[in-house]
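Asks: The structure that follows is given in the form of structure tokens.
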Amino acid sequence: MRFHEFRALCLAQPEAVELETWGEATFRVRGRIFAMGSAEGTSVSVKASLDDQAGLVAMDPKTFAVSAYTGRFGWVSVRLSRLNTSLGERLVRNAWERTAPKRLQRGGIRIPPRAPLSTRRLGGASRDAGDGRNESGLPSTRGQRMDRRG
């Protein structure tokens, strides 16, 4: 694989943009980096979990290595000349998924929030009941003045 192919894979991800930083191309989703590399370089770095990083390096140490500086966070350095297209697609997609907000990964579909706790489970107390208790049924200190004069 060549860098221009890697770049195309990165930019094919939803809302992915390329921004030059530190003299390299960084690929970002909503401002967060998921991959980086240089057109003149022989390798790129992709975001991964520590478990994925360990598995990739153990599987093929000639292709994968722990990235300098960011390796402690799971980033993997990948030698482009040894990377095939299908593995490159999976690496880029996984890196994007680790970085993109969950709502974007769901395709922007809004998931409704969970239903609030019923007042029955809270011992009949309600936040708006005005009975001096909070939502847990404990005496409320909200709105009370604290006297600090000992």
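Asks: Being assigned to a strand (DSSP E or B), free of Cβ contacts under 8 Å to residues at least 40 places away in the same chain and of a type in the set (Ser, Thr, Tyr) is the requirement here; does Ser86 meet it?
Replies: In short, no.
Asks: Further question: How many residues are touching a Pro at 6+ places or on another chain (Cβ under 8 Å) and among the hydroxyl-bearing types (Ser, Thr, Tyr) if we restrict to the stretch 19-40?
Replies: Within the stretch 19-40, residues that are touching a Pro at 6+ places or on another chain (Cβ under 8 Å) and among the hydroxyl-bearing types (Ser, Thr, Tyr) number 0.
Asks: Could you go through the stretch 43-53 and let me know if any residue there is under 21 Å from the mean Cα position of the chain (by Cα), farther than 16 Å from Trp96 by Cα and surrounded by fewer than 19 Cβ atoms within 10 Å (Cβ to Cβ).
Replies: Yes; the residues of the stretch 43-53 include at least one that is under 21 Å from the mean Cα position of the chain (by Cα), farther than 16 Å from Trp96 by Cα and surrounded by fewer than 19 Cβ atoms within 10 Å (Cβ to Cβ).
Asks: Next up: In the stretch 3-66, which strands (runs of 3 or more DSSP E) lie fully inside it and hold 1 or more residues that are under 21 Å from Arg82 (Cβ atoms) and among the small types (Gly, Ala, Ser)?
Replies: Qualifying strands (runs of 3 or more DSSP E): 24-29, 32-37, 43-46, 64-66.
Asks: Which of (1) farther than 13 Å from Ala95 by Cα; (2) surrounded by fewer than 20 Cβ atoms within 10 Å (Cβ to Cβ); (3) in contact (Cβ under 8 Å) with a residue 12 or more places away in the chain; (4) not charged (D, E, K, R) is the odd one out, the single condition Leu11 does not satisfy?
Replies: Every listed condition holds for Leu11 apart from (1).
Computed from the coordinates by the stated procedures, all read-outs in this text should not be read as laboratory data. Note that this is a predicted model, so its numbers are computed, not measured. Every residue, glycine among them, receives a Cβ derived from its backbone with ideal geometry; neighbour counts consider all protein chains shown.
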